[in-house]
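Here the structure is laid out as structure tokens; the discussion comes afterwards.
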Amino acid sequence: MSDNQKSQRDAAVEALYEEAGHWHINTGDETIHAKRVGGKWRTLKWLTSSLWLIYFLGPYLRWGDRQAVLFDIPNRQFHLFGVTILPQDFWMLSLLLLFFAILLAVVTAVAGRVWCGFFCFQTVWTDVYTWIEEKLEGAPAKRQKLDKAPLSFEKIRTKGVKHLLWLIIAFITGIGFITWFVDAQQFWIDLLSFNLGTTALITLALFTVGTYVLAGFLREQACFWLCPYARIQAVMVDNSTAVPTYDFHRGEPRGRVKKGQNEDDRTTGDCVDCNQCVAVCPTGVDIRHGQQEGCIMCALCIDACDIVMEKVGRPTGLIRYESLDTLNGKEDRPLLKRPRVWIYTAVLALSLVGIAYGLSTLDAIEIKVIHDRQPLFVVQSDGSIQNKYTVKILNKMTEDMDVAITASGLEGLQVIGADKPITSQHGKVTPKTIFVRVPPANIGGDSMPILFRAVGTDKNGQPFVSERQSVFMGPG
Amino acid sequence: MADKNPFPGENNTGHIWDDNLRELKNPPPRWWMIAFWASVIWWIAYGVIYPMWPALPGSQGYTKGVTGWTQMKEYNEGVAEVEAVRAEFETKLAGLSAADILNDEGLSAYTVASAKVLFGDNCAACHGRSGQGGPGFPVLVDDDWLYGGAIENIEQTITIGRKGIMTAHANVLKPEEVDELANAVVAGKPESSPLFLQKGCIACHGMDGKGMAALGSANLTDSLYRFVPQEGQSVLDSVKYTIMHGVNDPTDPSTRQAVMPAFGERLSQDDIKKLAVYVHRLGGGQ
């Protein structure tokens, strides 16, 4: 290292140490004003954050004459592009939730809190809010000063603009949420003509206030004290999980760079104790204390540390994605040798297969048969036995359909009340009472299986079939 | 109570027990005070908006609240809402005959749904909740009708009531004649016995023993009985009992009782129409 380089380095670290005095560990009593530095992880974070644009823009996608994705709760219909899912097919939702739960687990097992650090709405919205704050109020030190400054016109103006922008974002967030559940175009018409319904207004107000408070004020405290997911991290992470880690073998004992010191003479580790990793941390933790619940693993400290390492001429990666095992010199277990990966993958695959099966076998019509219990059966004057059934025809198509009902399974049975096809209304359940009569000679017990079959025909003549097993009761 | 406070400067009330147990004057937490005052504001606002205070002793009434809300009003609004939905059907029903209602898919579906209450109030006590009948009371869900199972017959039965008559034959027939007739009836072939013709059974039950709807006489050839045997009684004994003691015969104190009261006075014509449709659709209507 030449003298020139040394003096350059000394000037750089001097500025860093001056700043270092301002940072201390977050205990929740002071607003965290994290410093923003660039870097590849910062860029990646912006990219992952931008996925949330789907949340805002998705509802404006159209499919034919309706919204492409619409969770129409009042009409109990979920539209997903070409598919309409009725509550009867809701079991698929539990598989979808299972899929995401396990996806979360598998990602956490492999690379830590990726969701928290890069995707979570709390992280992303807080990030955007503090970005606005920095644009308006300046660097962290200036913000802290402004916070402490007495009330002045200038302070009110700056803060006022900030809060206004925050509220606008919060309001748009509310609109984004609602437009997944009501038609987006109609929503804007209602909004601009002040014709919103009570539910929409309440939802909008809740989301506006919620977003404003959570992203504007609670911030990392939500991750610390509110979020249950943050609480269950520890069980998903193990020694093979690669997470942002401070390489204490390399860094310790940390020591400040002394002016004019030769790099070869130093007795300290690579960590120059500049506290930049703490300064940039959005939750205010110190990564050098090791894995901790306050760390959302957003990797911003990696960027900060690498910048410093470059400045002081030491190799980068003092803080990097690394597992505890490799950090301690053990061989890294390959992914395929980790049982968690196998188990999680199996569950993931199962839920995916289930959803695929469900979507591919969505019936156009579905019948349910309810056997009347009082009386179980009626003896007719000719001695034949009559049973009463309520057949419920669910039509999942978008148009009404004529459905013919037949029954089979008992010799000589006669279906009464279904001689004409039944018009089943689309998207609804149409109930129909029918009677089945069986001659006494063919009664073989007090409970016999009977199979109902419904054949619906749409306007193109395509038949849709649904079958349902029931019982025929007799005197035995 | 010590004159000298042993814990000066800590804002206690001066109440000290057991040497050091003492009451402090710390304010409640902020969130608690906010909730407390919010409750007070809520209480005042409630009193302004809703009826709240009774009148002073000796006078009548209560504070009405600015919105004039009452439970009765809300209830009546709810009823009116339901009535508005029903009115559409009810006005249509009023102008139609029971047969017309039966033939209209929508109206008969409405009737089946709404007349359930009428049936429960007026019919279920004897005929069972689902028309399955009861000891001594006819089944309404089968296809065996004394007075006919057409919609008009059912409507008439409800309106004017029914009281079938069968004379007691205990004093007219010898026990062996009762036996022979009863056996023929149980076999489903009453006309196979010459007594059926000789003793005049045909007058009411018809030459073929199939009964006459005009009289309400039972069909003796089918497998259903108007009077089902009691617990432990054989079908034959039950039939013999009916032959000997008759039905509604005032001269025999042991006679079978079978009276359907008239509902023409008790129910409106629309209600009777609805009940007729409901009964017809129970499963045995013809």
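Rounded to the nearest angstrom and ordered from largest down, what semi-axes does the equivalent ellipsoid of the protein assembly as shown get from its C-alpha gyration tensor (root of 5λ)?
Semi-axes from the Cα gyration tensor: 84, 36, 26 Å.
Counting alpha carbon pairs within less than 8 Å and at least 6 residues apart, what relative contact order, in whole percent, applies to the range B:138-286?
Across the range B:138-286, relative contact order equals 41 percent.
R0 = 45 Å: FRET efficiency of B:His15 with B:Tyr46, Cβ-based, nearest 0.05?
After rounding to 0.05, the efficiency reads 0.75.
Could you calculate the FRET efficiency of B:Cys204 with A:Ala404 from 1/(1 + (r/R0)^6), where r is the beta carbon distance between them and R0 is 30 Å, rounded to 0.05?
For B:Cys204 and A:Ala404, the calculated efficiency is 0.10.
Can you tell me the orientation of helix A:121-137 relative to chain A, as the angle in degrees between its alpha-carbon axis and the longest Cα principal axis, to the nearest 10?
So the helix axis and the longest Cα principal axis differ by about 40 degrees.
Tell me which cysteines of chain A come out unpaired when the rule is another cysteine's Cβ under 4.7 Å.
A:Cys116, A:Cys120, A:Cys223, A:Cys227, A:Cys271, A:Cys274, A:Cys281, A:Cys295, A:Cys298, A:Cys305
At a 10 Å Cβ-Cβ cut-off, how would you order B:Ser114, A:Ser50, fewest neighbours first?
A:Ser50, B:Ser114
Using modelled amide H (1.01 Å from N, peptide plane; none on Pro or chain starts), what sits under 5 Å from the amide H of A:Glu322, excluding residues fewer than 5 places away?
Sorted by chain and number, the residues that satisfy this are A:Val243, A:Thr245.
Nearest 10 degrees, 0 to 90: what angle lies between the long axis of helix A:339-360 and the longest principal axis of chain A (Cα atoms)?
40 degrees
Between their Cα atoms, which of A:Lys428/B:Lys116; A:Lys368/B:Lys274; B:Lys174/B:Lys199; A:Lys432/A:Lys459; A:Lys258/A:Lys311; A:Lys135/A:Lys159 are more than 18 Å away from each other?
A:Lys428/B:Lys116; A:Lys368/B:Lys274; A:Lys432/A:Lys459
Whole-Hz Karplus ³J(HN,Hα) for the range A:210-227, in order, using 6.51 cos²θ - 1.76 cosθ + 1.60 and θ = phi - 60°, x for Gly and Pro?
x, 5, 4, 6, 5, 7, x, 10, 6, 6, 5, 5, 5, 5, 6, 10, 9, 7
When the Cα centres of the range B:228-286 and the range A:271-349 are compared, how far apart do they sit, in Å?
About 87 Å separates the Cα centre of the range B:228-286 from the one of the range A:271-349.
Restricting to chain B, compute how many DSSP beta bridges are antiparallel as a %, nearest 5.
Just about 90 percent of them are antiparallel.
What is the mean number of Cβ atoms from other protein chains located within 10 Å of the Cβ atom of each residue in peptide B:139-147, rounded to a whole number?
Taking all residues of B:139-147 together, the mean is 4.
Could you tell me the relative contact order of chain A? Use alpha-carbon pairs under 8 Å, at least six residues apart, and round to a whole percent.
Taking the mean separation of contacting Cα pairs over the length of chain A, I get 16 percent.
Rounded to the nearest Å, what's the spacing between the alpha carbon centres of the range B:130-196 and the range B:52-105? Just the number, please.
46 Å
Please arrange B:Arg22, A:Arg373 by how many other C-beta atoms lie within 10 Å of their C-beta, fewest to most.
Ordered by Cβ neighbours within 10 Å, fewest first: A:Arg373, B:Arg22.
Suppose only helical runs count, i.e. DSSP H with n ≥ 4. What mean residue ellipticity at 222 nm does that imply for chain B under -39500 (n - 2.57) per run, divided by all residues and rounded to the nearest 500 deg cm²/dmol?
Calculated from helices alone, the mean residue ellipticity at 222 nm is -13500 deg cm²/dmol.
In the Gaussian network model of chain B, springs joining C-alpha atoms below 10 Å, which of B:Gln60, B:Gln269, B:Gln71 carries the largest mean-square fluctuation?
B:Gln60
Given N residues in the range A:31-236, what is Rg(Cα) / (2.2 N^0.38 Å)?
1.19
Within chain B, which whole H helices from DSSP have a Cα span along their axis of at least 30 Å and a mean Kyte-Doolittle hydropathy of -1.0 or more, if any?
B:71-94
Going by C-beta contacts inside 10 Å, put A:Cys301, A:Cys223, B:Cys126 in order with the fewest on the left.
In order of increasing Cβ crowding within 10 Å: B:Cys126, A:Cys223, A:Cys301.
Give me a single rounded figure for A:379-385: the average over its residues of other chain Cβ atoms within 10 Å of their Cβ.
6
Before anything else, pin down the relative contact order of the range A:31-236: Cα pairs under 8 Å, at least 6 apart, normalised by residue count, whole percent.
25 percent
Tell me, what HN-Hα J-couplings in whole Hz come from the Karplus equation 6.51 cos²θ - 1.76 cosθ + 1.60 at θ = phi - 60° for each residue of the range A:320-332, using x for Gly and Pro?
7, 6, 7, 8, 4, 4, 5, 4, 8, x, 7, 6, 6
What are the ³J(HN,Hα) values, in whole Hz, obtained from phi via the Karplus relation 6.51 cos²θ - 1.76 cosθ + 1.60 with θ = phi - 60°, for each residue of the range A:291-302 in sequence order, with x given for Gly and Pro?
Once rounded to whole Hz, the list reads 5, 8, 5, x, 7, 8, 6, 8, 6, 5, 5, 5.
Here, each number is a calculation from the coordinates, and none is a lab measurement. Bear in mind that the values here come from a model prediction, so they are computed numbers and not experimental data. When we count neighbours, we look across all protein chains shown, and the Cβ atoms used for this are built from the backbone with ideal geometry, even at glycine.
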